[in-house]
Structures are given as C-alpha cells and as structure tokens.
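Read the structure below first, then the notes.
The values are calculated or read from the model by the stated rules, or taken from the named source; none is laboratory data. Predicted model only: the values in this text are computed from it and were never measured. Neighbour counts are summed over all protein chains in view; Cβ atoms, including those assigned to glycine, are modelled from backbone coordinates with ideal geometry.
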Amino acid sequence: MVFQVTTACNGPKVDPDAIDQLEEYLNRCRFVGGVHDSLTVTVRDQEPGKPYLTIHGTGAEFKPVPAAAAENLSESDALQDHVDREQFLEDIAPYLQEQCIVQTVGHDKARFPLIARQDAVSADGEYYEDSLSWDNLSGSSSNGES
C-alpha cells in the first residue's frame, strides 16, 4: 500500500451573481498532484439560484497553486514550490456567501498515525488552518514527557 489521502469541503454557498467570475478564477488555478490523484474543484448549481463550491478528491491532498502564481509558471516549473492554500482561499472568499472549510485526511499503509489538515476561510476573507500530527499529540519530548 502507498500513502492514501482524501480531501473534501463543506460545500459553501456561492454568490449567484459571481458564478462566472469564480469559475474563471478556478480555471486559471492549478492543483498539485500525482498521476493517480483526482481532485475536483468546481461550482455546482443543482438547484437554480443555489450554487455551491465543491472540492473533493481521492488520492489528492489540497495543494492549490493560486491563479496569479499559476499564470507565471511554465509546464516545467515545480508546482509544489508554489502551493499556497491561504492565498487560494482568500482569493475565492469574495465569491462565497459562507465559510469554506477544506479537510484532508490520510494514512500510510492503513495504520496509525493518521495525518489530518483543515484549512478554512470566512466569506469576509479570514483564513484559518489547523493540522493533526503525531508531534502535536505526543508532546515535544521523545521519551513521552511533555
């Protein structure tokens, strides 16, 4: 087995008047991934007048390259060096009507410890991140003392 990861978001509402602008922005972005990664980032409008953002993928971490950086990169540039979750979420915030929360969870060989990460932005652009790592849970000492 290899490292497995899943990414999903809460499906925040999108301003119906901003759908085209948000889709245009998303089309200019890139998302870092490998050959088997599948990350979908799009606006859905299943009920007329009630659009929402969807970010989901299997085998894909949330590693966006915001449009401004992506436009200046050639195909040979290392996308990984330009990943900026905070900038991406701050860029899409003006198009949202509510908070966007993106969560990623993964494991290696289906065993402990898991990795988990949460990135969020409010509709007014306030960014928040948090991660779950073994170091955060076990304390800073290697002998178990905190």
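Here Val65 fits the description: hydrophobic (A, V, I, L, M, F, W, C), within 23 Å of Gly125 (Cβ to Cβ), crowded, with 19+ Cβ neighbours inside 10 Å and modelled with pLDDT under 90.
Among the residues of the range 97-126, those that are assigned to a strand (DSSP E or B), out of contact with any helix residue (DSSP H, G or I) (no Cβ under 8 Å at 6 or more places or on another chain) and not β-branched (Val, Ile, Thr) comprise Gln103, Gly106, His107, Asp108, Arg111, Phe112, Leu114, Ala116, Arg117, Gln118.
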